[in-house]
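*Asks:* Before anything else, here's the structure in question.
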Amino acid sequence: MKKIIFTMLLGTLFFSNCVTAQKIEIFDEVRVNHDENRKDFSTDNNENIYYGGGQYVFKKVTFPKQKLNTKVEISVTVISGGDRYDRAGSIYVLPVDKNNSLEDVVKNKKFASNEYTKIKTIVPEGNFSPTIELMRFMTTFGIGFFSNDSLQRKPVYIPYWEREVKWKEDISQFSTLLQGEVWIGVHIGNYTKGGHIVSASINLTPSELSCDIAKNKVIVSILNTDPFGTNQGNDELFAYKDFQVEFNLPKGAKNVKLYYITTGHGGHSEGDEFVKKQNIVKIDDKKVIDFIPWRDDCASFRRFNPGTGVWLRKRVAPYIQEDKGTYTTKEIEEPIASSDLSRSNWCPGSNVPAMVVPLDLKEGKHTAVFSIPEAQKNANGTSNHWMVSSYIVYEL
């Protein structure tokens with residue numbers, strides 16, 4: 001009996017893991033804004049590095065080596081620093097280049113905003129690969145800055161305005177990438193000095209089993225139309241062409257998955273932000289994604305949007321007559337907010353998780369084609385564009 005108990009204790013020691021979870025702080029209330037007087041690649045006291053007038057902020061972060069399979073979660077909090085409008089935001093990662101500074105890495109990227117053939121920050125070319133997006137989010141209409149109800153736009157069914165918006169997302173597919181020194185960046189496209197205040201951290205939770213050895217996950221970035229740099233435009237690209245990318249799977253690659261993040265933009269009633277558009281991805285001429293990205297639950301984010309524009313719409317409303325206790329109807333004017341409107345895969349105040357598609361692919365070269373067949377060109381001063389990023393993950 002003693003021998004059996006001793007064996008069980010040995011097994012417990014072998015399979016249990018005493019490594020605790022870690023929280024890696026990245027940004028602590030950093031202001032992401034647009035200040036024409038801010039010098040590119042200037043650094044503050046918290047070692048945040050600013051670019052593009054402050055629309056891009058970088059931080060060098062050191063992650064521990066992960067010997068065990070590890071759950072990776074990113075947490076992001078955003079409040080308005082004075083900007084009243086909803087903006088697209090992105091958290092991304094860049095490997096540290098030991099031979100070049102961050103300034104060299106960014107400046108050496110050659111942008112081509114008006115060429116619809118090879119755009120270096122969009123698809124791979126030579127040794128270059130697109131920026132890898134860890135998480136995409138959409139800011140609200142003025143949360144925090146306008147949450148004191150100074151605009152007096154709170155509907156009766158909301159008890160109070162939220163003061164911040166938070167998201168948490170599982171990004172364990174990046175566990176191998178987030179080791180050692182990397183640059184973590186945040187970008188929010190905006191045009192105000194107030195901008196938005198961002199906090200971000202990453203939690204690492206190793207497996208409880210000491211035998212659960214970390215898998216080597218390889219990330220292959222194959223597309224990213226989210227602007228990286230002040231000289232790159234992304235307007236209407238999908239209206240002109242499909243994007244075709246070749247990628248290679250080495251011998252032994254397994255558990256291959258395609259990750260796809262897409263949002264449509266164009267802030268006018270008939271723009272791609274408010275009109276349903278089909279997204280198609282083909283791998284080796286076979287459709288693996290064919291859907292219309294759409295969110296029709298944006299009204300549920302109303303409490304996060306104190307600065308949203310509000311209009312009145314007439315409708316016939318049934319209601320209970322207090323004196324009679326029976327229903328009747330009358331025409332009323334009902335407020336509807338911009339933040340309530342359905343959109344192309346996002347709402348003001350939402351994050352945008354990736355669509356994940358398992359792929360049955362053999363080793364060798366493969367071709368991916370990304371298409372939005374009815375994407376609109378710009379017209380009458382509008383700005384139609386699709387922010388699409390995609391990457392392949394496999395294990396070796």
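*Asks:* Enumerate the amide H contacts of Trp294 below 5 Å, restricted to partners 5 or more residues apart or on another chain; note that Pro and chain-start residues carry no placed amide H.
*Replies:* The answer is Asn345.
*Asks:* What three numbers, in Å, describe the spread of the alpha carbons of region 131-273 along their principal axes, ordered from the longest?
*Replies:* 61, 47, 30
*Asks:* In deg cm²/dmol, rounded to 500, what helix-only [θ] at 222 nm does the chain give when every DSSP H run of at least 4 residues adds -39500 (n - 2.57) and the total is split over its residues? Write out the running numbers ahead of the final one.
*Replies:* Numbers: 3 runs with 24 residues, N = 396.
Here the helix-only value at 222 nm equals -1500 deg cm²/dmol.
*Asks:* Per-residue HN-Hα couplings for region 177-186, Karplus 6.51 cos²θ - 1.76 cosθ + 1.60 at θ = phi - 60°, whole Hz, x for Gly and Pro?
*Replies:* 5, 8, 9, x, 7, 9, 9, 9, x, 10
*Asks:* Using the crude model of +1 on Lys and Arg Cβ and -1 on Asp and Glu Cβ, and no other charge, please compute the dipole size for the chain relative to its Cα centre, in debye to 20.
*Replies:* On the way: 49 positive and 48 negative charges, 180 e Å.
Charge dipole of the chain: 860 debye, to the nearest 20.
*Asks:* If you count only protein heavy atoms with a 1.4 Å probe, what accessible area per residue comes out for the chain, rounded to a whole Å²?
*Replies:* Working: 20320 Å² over 396 residues.
I get 51 Å² per residue for this part.
*Asks:* Would you please give the residues with an amide H less than 5 Å from that of Phe141, counting only those at least 5 places away or on a separate chain, with H modeled from the backbone geometry?
*Replies:* When sequence neighbours closer than 5 places are left aside, the close amide H contacts are Gly307.
*Asks:* Between Val96 and residues 5 or more places away or on another chain, which pairs have amide H atoms under 5 Å apart, with H built 1.01 Å from N, and which residues are they?
*Replies:* Hits under the 5 Å cutoff: Trp183.
*Asks:* For region 155-217, place one equal point scatterer on every Cα, skip the solvent, and apply the Debye formula. What is log10 of I(q)/I(0) at q = 0.23 Å⁻¹?
*Replies:* Debye intensities relative to I(0), on a log10 scale: -1.19.
*Asks:* State the label only: which of [x] 38, 29, 24; [y] 36, 27, 21; [z] 36, 22, 20 corresponds to semi-axes √(5λ) of the Cα gyration tensor in Å computed from the shown model?
*Replies:* [x]
*Asks:* Sorted from largest down, give the three principal axis spans of the alpha carbons of region 311-359, whole angstrom values.
*Replies:* If we take the Cα atoms of region 311-359, the spans are 63, 24, 15 Å.
*Asks:* Could you give the C-alpha radius of gyration of region 225-348 expressed as a fraction of 2.2 N^0.38 Å, taking N as the number of residues it contains? If you can, show how the numbers build up before the last one.
*Replies:* Details: Rg = 22.1 Å, N = 124, 2.2 N^0.38 = 13.7 Å.
Relative to the 2.2 N^0.38 Å estimate, region 225-348 comes out at 1.61.
*Asks:* Distance in nm between label sites at Glu164 and Val105, each 7 Å beyond Cα in the beta-carbon direction?
*Replies:* Taking the two extended label points, one gets 2.7 nm.
*Asks:* Ignoring ligands, DNA and RNA, what percent of the 1.4 Å accessible area of the chain is carbon and sulfur?
*Replies:* 49
*Asks:* Separate question: Note the direction-averaged projected area, equal to a quarter of the hull surface, for the Cα convex hull of region 293-392, in nm².
*Replies:* Approximately 12.0 nm², given one-decimal rounding.
*Asks:* Then there is this: Grab the beta carbon distance between Glu331 and Asp290, set R0 = 41 Å, and tell me the FRET efficiency rounded to 0.05. Don't skip to the end; give the middle numbers.
*Replies:* On the way: r = 43 Å, r/R0 = 1.04.
Calculated value: 0.45.
*Asks:* Can you pull out the GluC sites (Glu not before Pro) in region 17-100 that DSSP calls coil and that have at most 14 other Cβ atoms within 10 Å? Could you put the intermediate results ahead of the total?
*Replies:* Numbers: sites: Glu25, Glu29, Glu36, Glu47, Glu73; in loops: Glu36, Glu47.
Sparse-neighbourhood loop GluC sites (Glu not before Pro): Glu36, Glu47.
*Asks:* Hey, what do the phi angles of region 50-63 turn into as Karplus ³J(HN,Hα) couplings, whole Hz, using 6.51/-1.76/1.60 and θ = phi - 60°, x for Gly and Pro?
*Replies:* Ordered by residue, 3J(HN,Hα) equals 10, 8, x, x, x, 6, 10, 10, 10, 9, 7, 10, 10, 9 Hz.
The values are calculated or read from the model by the stated rules, or taken from the named source; none is laboratory data. This one's a predicted model, so the numbers in the text were calculated from it and none came from an experiment. Glycine gets a Cβ as well: all are built from the backbone with ideal geometry, and neighbour counts include every protein chain shown. Quick note on the areas: whole protein, heavy atoms, side chains included, nothing else; ligands and nucleic acids left out. Shrake-Rupley method; radii C 1.70, N 1.55, O 1.52, S 1.80 Å.
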